[in-house]
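Just below is one structure, and these are the notes that go with it.
The values are calculated or read from the model by the stated rules, or taken from the named source; none is laboratory data. Here the structure is a predicted model, which means the values were calculated and not measured. Using ideal geometry, Cβ is built from the backbone for each residue, glycine included, and neighbour counts are taken over all protein chains shown.
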Amino acid sequence: MKVTVKRNLIIFHTPYEWYELANRLRTEYGHIMLISDRCRRELGFTVRHHKGLIPYREKYGDQSLWLSKQAFEGKEVDRRHQMVYEDQVHLDFYNEAQMSWFVLKYLNN
């Protein structure tokens, strides 16, 4: 699971991982728990879908840096310094204690 934990923020780099966790929350708390106000009040966070900008090599690896070709010139493109968008899910926490509890219960498996 590729997750970044920052101060008052958890970033799921693959939305599928968040959907698996959301299904687990639905079974434990019921469908109504993932409504934004209820989720904030009971679990201490809101869910935000985000397009994060990351380095090209982080997403596709080093082997693809020179493989792409520009159609109009037929030249290889150096992608070492290019950035790409990645679909992410951010959990914005309002309380550090609730975030610590969430990390210990759901992310330390």
Residues (in contact with a helix residue (DSSP H, G or I) (Cβ under 8 Å, 6 or more places away or on another chain), surrounded by fewer than 16 Cβ atoms within 10 Å (Cβ to Cβ) and either without any contact (Cβ under 8 Å) to a residue 60 or more places away in the chain or not in a strand (DSSP E or B) (or both)) located in the range 1-21: M1, K2, R7, N8
- prompt: What tally of residues in the range 4-44 results from selecting those that are over 27 Å from V84 (Cα atoms) and in contact with a strand residue (DSSP E or B) (Cβ under 8 Å, 6 or more places away or on another chain)?
  reply: 5
- request: Of the numbered conditions (1) of a type in the set (V, I, T); (2) within 20 Å of the chain's Cα centre (by Cα); (3) at pLDDT below 70, V103 fails exactly one; give the number of that condition.
  value: (3)
- prompt: Identify, please: which residue in the range 13-55 is among the β-branched types (V, I, T) and under 11 Å from L91 (Cα atoms) and is, among those, farthest from the chain's Cα centre (by Cα)?
  reply: T46
- prompt: For residues in the range 84-109 being in a strand (DSSP E or B) and not β-branched (V, I, T), which is farthest from R24 (Cα to Cα)?
  reply: Y85
